[in-house]
Every structure is written in structure tokens, then in C-alpha cells.
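The values are calculated or read from the model by the stated rules, or taken from the named source; none is laboratory data. What you see is a predicted model, and the numbers here were worked out from it, not measured in a lab. Note that we place each Cβ from the backbone using ideal geometry, even for glycine, and neighbour counts take in every protein chain shown. The protein model used for the area step is the full one, side chains on, heavy atoms only, and it has no ligands, DNA or RNA in it. Shrake-Rupley method; radii C 1.70, N 1.55, O 1.52, S 1.80 Å.
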Amino acid sequence: MSEPFESGREFAVALDREDPLRSFRGEFHIPKRESGHGEIEEIYFAGNSLGLMPRRTRGCVDEELEKWGRLAVKAHFTGVNPWMPYHELLAAPTAALLGALPTEVVTMNSLTVNLHLMMASFYRPTRERHRILIEDRAFPSDDYAVESHAAHRGFDPASAVVRLRPRADRAGVTMAEIAEVLEREGDSIALVLLPGVQYYTGQAFEIEAITRLAHEKGCVAGFDLAHAAGNLVLRLHDWDVDFAVWCTYKYLNGGPGSVGGCFVHQRHGSNESIPRLAGWWGHDKETRFRMQRGFRPIPGAEGWQLSNPPILSLAAIRASLDVFQAAGGMEPLRDKSIRLTGYLEWLLRREIGDAIEIFTPEDFRQRGCQLSLRAKSGTPGKTVFQRIEAAGVTCDWREPDVIRVAPVPLYNRFEEVHRFVEILRAALS
Ligand SMILES: Cc1ncc(COP(=O)(O)O)c(C=O)c1O
């Protein structure tokens, strides 16, 4: 079989030249550092942690600062893009990225807060069916959240939380293992909460199939999309997902600690019998300012809002959503991402396959941008990581021994992948 790539640098340069999305790198501030011969751009492969700052962000945030200075409180109701309905501006572009209806998504709070709000509504435990299925290596915040919810409802987290453990010889759980657990224990499980992409291994979960299996067993299906939003093509509405939460500071480039996102399927959005933790920003817009008792939720995900949102953060997210829209949405980005990460994997295996282990799935359908690596050579992984950082790469380290690298299709280049593999080879020796 012919090889999909070539190993020379000129091949990478040619891929960049032919890349229809190449101009989008210019939309971002690329961090630089001093090289001894002037400043050079870093190889930034940490978009899975904090996405880069779009150049248009400053203008969008400045607009709101300017309105604050000029109009102060009146900016809630007057001028361009008044603040009262400001979050509505984000609904359609966010929905397009998540495969949702605009009424099914809202930008609010942070991921973990949204997870709590969603569990308050969709984790409806009974004595017979009160367990929550998560994965063994769930992001700790999710683990704390589900344990605390089980305890909050009077159940012992030790038995209420079911953890999917991968087999000893594998990094991730397979679809067959998920199906097996649901078949065996589904009748006692109230909520299945899994990631879109696993933060540590980079494994992409089959959201549609998991949702179907969960529903067949009478369970609610919720997803943590922290590492999937802005990374994978998602169809949350069609896949019938009950709820999902995500953050906007990773692949969505919303800035440090930017406001999170939340999806509630249309099936639930107008169901007022679903209990929720309520706040005034989720109350009917027509009567919100009558300041009366009696909560009446806005239909759709907006009805789960609690507080008036931080406009400066929403403005920054809007700037980034504009960039996604200009790039044509997730499909072209995902096409490039499959090539970019595929090239990284191919080059790693070919050039230094003996010295590193890649434990992200090989099948591109089971991963996003990120590859998770482990050094196999005598040099300790932490030392390798420190060396590549010193050589101009920004990626991230996860204890005890994992280097995560995520080339991002909006702003990374094939040539950077090529350089990265050379730097890693030198660091391993
Ligand atoms: C998979 C995953 N879940 C949850 C979180 C927590 O997000 P937040 O701090 O926005 O609540 C993170 C943060 O990086 C994450 O990666």
C-alpha cells in the first residue's frame, strides 16, 4: 500500500501551501519567544488546554468596554447589541458547531456549574435506579460532581457511582465494554455521563451509539464535551443526547476561564415538569423585570440560566465563533484536523516509533486533534517534556508520564508538526 505522507520537510511545506484554511493562522496571536537570533513563533500544540487568542477578540471586547464607558447602565437596553439579550447572539453560531438547534444551547456559567445544573434536572434517582455511570479516569471535576450529587440525594457514592474501567492492556474503554455494562447494570443506572473526547487519552467516544444504548436501558445520556466542542463534528440534536456541557477556553478560543456552554435537547426544553435550580435570567423575558414571585422558565436551554452573564467574556467568545463561521464551520476544520493529526501520528511512528508509545486510538474516527504520548526510551518523560518546551514547543504534561500534543486546524501548520517530531527525536536521545 502506498504511504499517505512523505517524511521530508518540503512535503509538509507543500501541504501547508495547499491547505485551504492556511490563512486562518493569521487570525490568531501566536506566542513568541526569544531564540538568540530574535523572536520566533512557538510551536503551540496546547489548544486542548487554552486556545490561542483571535486577533478580532480585542476589538469585540473593546466595543463592550466602550459601551460601558459611554452608555453605562443604558447599554443593557440601547445601542448596538444591547447587553440584555447579548447571549442570544451566541446561540446560532454555537448551535452550528454543536449540531443543535439555537434554542437547545446557551452560553452560561462554567462547565462544572453547568454539569451540576444539568444533574439537578436530569439525574432523577429512585431507590431501584439511582446509579451514575462514568469512566474510571473521568476528569476529576466530573468525578467530584457526580459523587457529590449522589450524596446530595442521599445515596452512598461508593455504590452509586459505577466506573467503567478499561482492560489492563488498553488505555480506553471500547464500545463493546460500554454496551456490556449497560446490558448488565443498565436497569440500576439513572444517568450515563461520558466525555466526547477523553482528556487524558484523546479517545473520542461514540456519542450517538452510547446515547441509543443508554436510552434503550431507560437511562439519561449526558456528555462532557470539554475536549470535543470545536474539535469534532457533533450532531447533538440528531443523536438525541439529553444534555451536554462544555467549556469555551480550549478549542473554542474564548479566553482563560471563559463562559461555558450547555445543551438541553428540545424534548426537554419546554417540559416544565422537569425540576431545576432556577434564577432570574432563566425566567420569562417579558415579565422578568416585573420582579414578581413565580418562576416561569424561558422555553429551551435559556431557561436554565441563573444570572446575567459576563458580557466581556461573551464578547470574546463571539469573536472566536466568528472565526469558526468564516472558516466554514466544523466540517472543513475536521477534514484538516484528520490530516494534521494523521500526519503527526504517521511521522512519529516512522521516525521515533521505537522510542515513544502513542496511546490515543489509531482510528481517526476514535480521536480528535490530540495525541497522548509516553516516552519509552531511557530518558524520563518529564525530562523529555522539559527539553521540548525549552526547544520552543508548548504542549502539556499530565502526571504521571503523559505528553499531550494537539495540533489545531485553525492555527497550526503541517510544517510545525514536522519540526515538532524533529525536536522530540532530539529530546529523546
Ligand atoms: C474534561 C473536562 N471536564 C471538566 C473540566 C472543568 O472545567 P471548568 O473548570 O470550566 O468547570 C475540564 C477542564 O479543563 C475538563 O478538561
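For segment 54-101 and segment 274-338, what is the separation of their Cα centres, given in Å?
Value for the Cα centre distance between the two parts: 11 Å.
Reachable aspartates and glutamates from Lys376, Cα under 20 Å, same-chain residues fewer than 8 places away excluded?
Lys376 reaches Asp169, Glu345, Glu351, Asp354, Glu357, Glu362, Glu389, Asp396, Glu399, Asp401, Glu422.
Determine ³J(HN,Hα), in whole Hz, for all residues of segment 265-275 in sequence, where each value follows from phi through the Karplus function 6.51 cos²θ - 1.76 cosθ + 1.60 and θ = phi - 60°; x replaces Gly and Pro.
Once rounded to whole Hz, the list reads 4, 3, 4, 9, x, 10, 8, 6, 7, 6, x.
Considering amide H positions built from the backbone, and no H for Pro or chain starts, which residues 5 or more places from Thr394, or on another chain, come under 5 Å of its amide H?
The list, which skips near neighbours in sequence, is Ile43, Tyr44, Phe45.
When you take every Cα atom in segment 24-153, what is the radius of gyration, and what is Dmax, the widest Cα pair distance, in Å?
21.1, 68
Could you sort the peptides 40-52, 274-286 by per-residue average Cβ neighbour count (10 Å cutoff), highest mean leading?
Details: 40-52: 20.5, 274-286: 15.5.
Output ranking for 40-52, 274-286: 40-52, 274-286.
Counting alpha carbon pairs within less than 8 Å and at least 6 residues apart, what relative contact order, in whole percent, applies to segment 261-339?
Working: 60 pairs, mean separation 22.4, N = 79.
This gives 28 percent for segment 261-339.
Assuming a ≥ b ≥ c are the square roots of the Cα gyration tensor eigenvalues, decide whether segment 104-251 counts as rounded (a/c under 1.5), prolate (otherwise, with a/b larger than b/c) or oblate.
rounded
I need the phi-derived Karplus couplings for segment 209-217: 6.51 cos²θ - 1.76 cosθ + 1.60, θ = phi - 60°, integer Hz, Gly and Pro marked x.
5, 5, 4, 4, 4, 4, 5, 4, 9
Based on Cα coordinates alone, diagonalise the gyration tensor for segment 185-253, multiply each eigenvalue by 5, take square roots, and list the semi-axes in whole Å, largest first. Don't jump to the answer; show the numbers that get you there.
Numbers: eigenvalues 99, 28, 20 Å².
One finds semi-axes of 22, 12, 10 Å for segment 185-253.
Quick one: compute the contact order of segment 60-113, relative version, from alpha carbon pairs under 8 angstrom and 6+ residues apart, as a percent.
Details: 29 pairs, mean separation 10.7, N = 54.
So the answer I get is 20 percent.
Starting from the Cα gyration tensor of segment 18-94, take the square roots of the eigenvalues, sort them a ≥ b ≥ c, and report rounded, prolate or oblate (rounded when a/c is under 1.5, otherwise prolate if a/b is larger than b/c, else oblate). Please report the intermediate quantities before stating the final value.
Working: a/c = 3.16, a/b = 2.01, b/c = 1.57.
In terms of gyration-tensor shape, prolate.
Taking just the alpha-carbon atoms of segment 245-325, what radius of gyration and Dmax come out, in angstrom?
14.5, 41
What number does the chain give for Rg over Rh if you use C-alpha atoms and the Kirkwood radius?
Details: Rg = 22.5 Å, Rh = 22.8 Å.
Computed over Cα atoms, the ratio is 0.99.
Counting heavy atoms of the protein chains only and a 1.4 Å probe, report the per residue accessible area for segment 6-124 as a whole number of Å². List each step's numbers first, then the result.
On the way: 5780 Å² over 119 residues.
That works out to 49 Å² per residue.
Which of rounded, prolate or oblate describes segment 214-287 when judged by the alpha-carbon gyration tensor and an a/c cut-off of 1.5? Display every interim value, and only then the final one.
Numbers: a/c = 2.31, a/b = 1.13, b/c = 2.05.
Cα axes put segment 214-287 in the oblate bin.
Which lysines have a Cα lying under 28 Å from the Cα of Lys285, excluding residues fewer than 8 positions away in the same chain?
List returned: Lys67, Lys74.
Would you mind telling me the share, in percent, of accessible area of segment 343-387 contributed by carbon and sulfur at probe 1.4 angstrom? Don't jump to the answer; show the numbers that get you there.
Numbers: 870 of 2040 Å².
Carbon-and-sulfur percentage of accessible area, whole number: 43.
Step through the residues of segment 181-194 one at a time and calculate ³J(HN,Hα) from phi using the Karplus curve (6.51 cos²θ - 1.76 cosθ + 1.60, θ = phi - 60°), rounding each to whole Hz and writing x for Gly and Pro.
For segment 181-194, the Karplus-derived couplings read 5, 5, 5, 6, 10, x, 5, 9, 9, 8, 9, 9, 10, 10 Hz, x marking Gly and Pro.
Long-range amide H contacts for Gly260: which residues qualify at under 5 Å (H placed 1.01 Å from N, peptide plane, sequence gap of 5 or more or a different chain)?
When sequence neighbours closer than 5 places are left aside, the close amide H contacts are Met108, Asn109, Ser110, Leu111.
Give the lysines reachable from Lys250 as a straight Cα distance under 27 Å; neighbours fewer than 8 places away on the same chain don't count.
The reachable lysines, counting only those whose Cα sits under 27 Å from Lys250, are Lys32, Lys336, Lys382.
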